[in-house]
Amino acid sequence: MTIRVVVADDQALVRAGFVALLDAQEGIAVVGEAVDGAAAVATTAELVPDVVLMDIRMPILDGLAATRRIVADPALARVRVVVLTTFDFDEYVFEAVRVGASGFLVKHTEPGDLVRAVRVVADGDALLSPSATRKLLAEFAAHAKQPPHAPELEQLTDREREVMILVAEGLTNAEIGARLFLSPATVRTHVSRILLKLGARDRTRLVVLAYESGLVRPGWQDL
């Protein structure tokens, strides 16, 4: 199946570069473009793509606000948003991931990495590099106080909680399988069930939920 992509960026040259790169790939098609956040929301609502590449800083409506609106729309539940940023980790990225973006890419990302990112996110996996994951979790740790009671986690089995903890550590299905002596396919099934039970869009959201609920928190093992 063809992965349908919308590219939202107010810089025409940057936008054209992304479009040309992605349209040249087998199984990927850019179906829409947007020059600001408001247009990104409208275009996404009209076309319902698989992936939106969303510049974080745009006029009229910034990428963060646009992401928030897309994620909040039940009709766009299957749309995955990837935030594009000039900086490795600016103040908007954390909030974008928190409100539902599936990850982020810096604009100087290698072309091959951008293409792989689109495929990964379209497949429902998280798009957070190890370094980005560490920064994200450090941000959670810095802002976290006493974790709230999270009754929704009580519906998870012990095995599902184990898997969710390892997802929150940034492990892949293969790495989780090796840790728990399970096949990657079995891990994928567990992850799918966790996503369904918690109403989470993707693995990135599981990371957020794990840290916000206190299921995992950096430094606890040292207390």
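No lab work stands behind these numbers, since they all come straight from the coordinates. Predicted model only: the values in this text are computed from it and were never measured. Note that we place each Cβ from the backbone using ideal geometry, even for glycine, and neighbour counts take in every protein chain shown.
General remarks:
- Taking Ser183, Ser213 and counting other C-beta atoms within 10 Å, the order from fewest to most: Ser183, Ser213
- Each Lys or Arg adds one and each Asp or Glu takes one away; over the other residues whose Cβ falls under 12 Å from the Cβ of Ala66, this sums to -3.
- Think of each Lys and Arg Cβ as +1 and each Asp and Glu Cβ as -1; about the Cα centre, that makes the dipole of the range 12-87 roughly 240 debye.
- Dipole of the range 3-127 [Lys/Arg +1, Asp/Glu -1 at C-beta], most positive-end residue of Leu76, Thr43, Val6: Leu76
- Full-stretch length increase - Arg119, Glu95 - with 0.36 nm per residue and alpha-carbon distance subtracted: 6.3 nm
- Two-site label geometry, Val14 and Leu196: point separation in nm, points 7 Å out along Cα→Cβ: 3.9 nm
- Given R0 = 30 Å, the distance between the Cβ atoms of Thr2 and Leu61 translates into a calculated FRET efficiency of 0.60.
- FRET efficiency, 1/(1 + (r/R0)^6) with R0 22 Å, evaluated for Arg78 and Thr157 via beta carbons: 0.25
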